[in-house]
Amino acid sequence: MKIIRYRNFTDLSPAPVHGSFGRWGGVSSGALAELNVGFGVGDEPTRVAANRRRVREALGLSVLVAAKQVHGDRVAVVERVPDTDLELAACDALVCAHPGVGLLICQADCQAVMLYDPRQRVVANIHAGWRGSALNIIAATVKVMVDTFGCAPGQLRAAVSPSLGPCCAEFINYRRELPPGFQAYQVRENYFDFWAISRDQLQGAGLAPKNIEPAGICTRCDEDFFSYRRDRAGGRNGSVIAA
């Protein structure tokens with residue numbers, strides 16, 4: 001089982017429980033082999049549940065809360081500690097102040113942007129695909145952390161999961177799909193640097209540059225991760241953070 005940890009979090013005390021998981025070490029098979037944590041991609045629900053349980057146990061957590069992602073900008077606050085793993089409907093970001101509750105984002109080329117406030121002990125996890133980036137779901141999530149929990153953006157730490165890199169983020173219809181301002185992030189014809197977009201959106205929301213850590217791993221290039229761009233099928237990688 002491949003788990004990526006982030007120095008941005010591990011150098012804190014207390015540090016959040018966290019990890020970005022690769023595709024190996026689960027029970028799914030075929031194009032979904034092995035650690036698919038996403039429902040709705042053709043996997044058997046019992047296998048997805050077993051994979052999520054493996055992720056939870058690898059991090060020493062008792063419960064996971066996932067977002068039933070819809071490529072929007074709705075942010076959900078986890079208001080209570082659930083008895084069992086669950087998914088919250090129609091949202092793409094989760095915020096939680098309850099210790100031990102793992103926030104799960106599923107992705108296959110999209111980013112999971114994980115946030116932690118070490119003073120207020122609040123965590124967030126954001127599903128940031130190109131649609132979410134266009135809506136600036138990052139800024140929306142930071143605003144919820146500030147308004148609901150009194151977080152100070154300058155104190156937040158952020159990590160960006162393995163995701164589609166500028167080497168592979170091709171958008172041939174970008175004039176129709178992406179905001180005009182994103183053209184500044186075009187690295188060559190039709191290719192865009194969404195890692196830089198998220199970095200700048202985090203800074204625009206008030207985070208300090210030194211507190212932002214990208215994994216810097218392209219999921220399409222690295223076959224240890226699921227990639228929709230590469231395979232046009234397959235499972236979903238998972239990233240988790242908990243206070």
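Taking first residues from the range 222-243 that are closer than 19 Å to HIS127 by Cα and partners that are acidic (Asp, Glu) and surrounded by 23 or more Cβ atoms within 10 Å (Cβ to Cβ), the Cβ contacts under 8 Å between residues at least 6 apart in sequence or on separate chains come to SER227/ASP109; TYR228/ASP109; ARG229/ASP109; GLY235/ASP43. Considering ARG232, ARG188, ARG220, the condition of being touching a Leu at 6+ places or on another chain (Cβ under 8 Å) and of a type in the set (D, E, K, R) is satisfied by ARG220 alone. Sort out which residues of the range 13-34 are more than 16 Å from the chain's Cα centre (by Cα) and either modelled with pLDDT of 95 or more or farther than 27 Å from GLN120 by Cβ (or both), and write them in order of number. Answer for the range 13-34, where residues must be more than 16 Å from the chain's Cα centre (by Cα) and either modelled with pLDDT of 95 or more or farther than 27 Å from GLN120 by Cβ (or both): ALA15, TRP24, GLY25, GLY26, VAL27, SER28, SER29, GLY30, ALA31, LEU32, ALA33, GLU34. For PHE226, the criteria (1) within 16 Å of TYR6 (Cβ to Cβ); (2) in contact with a strand residue (DSSP E or B) (Cβ under 7 Å, 6 or more places away or on another chain) hold in every case but one, which is (1). In the range 149-169, of all residues being surrounded by fewer than 15 Cβ atoms within 10 Å (Cβ to Cβ) and either of a type in the set (D, E, K, R) or touching a strand residue (DSSP E or B) at 6+ places or on another chain (Cβ under 8 Å) (or both), the one that is nearest to ALA124 (Cα to Cα) corresponds to ALA152. Only residues that are more than 22 Å from SER13 (Cα to Cα) and under 12 Å from the mean Cα position of the chain (by Cα) were counted in the range 74-103, giving 3.
The values are calculated or read from the model by the stated rules, or taken from the named source; none is laboratory data. This one's a predicted model, so the numbers in the text were calculated from it and none came from an experiment. When we count neighbours, we look across all protein chains shown, and the Cβ atoms used for this are built from the backbone with ideal geometry, even at glycine.
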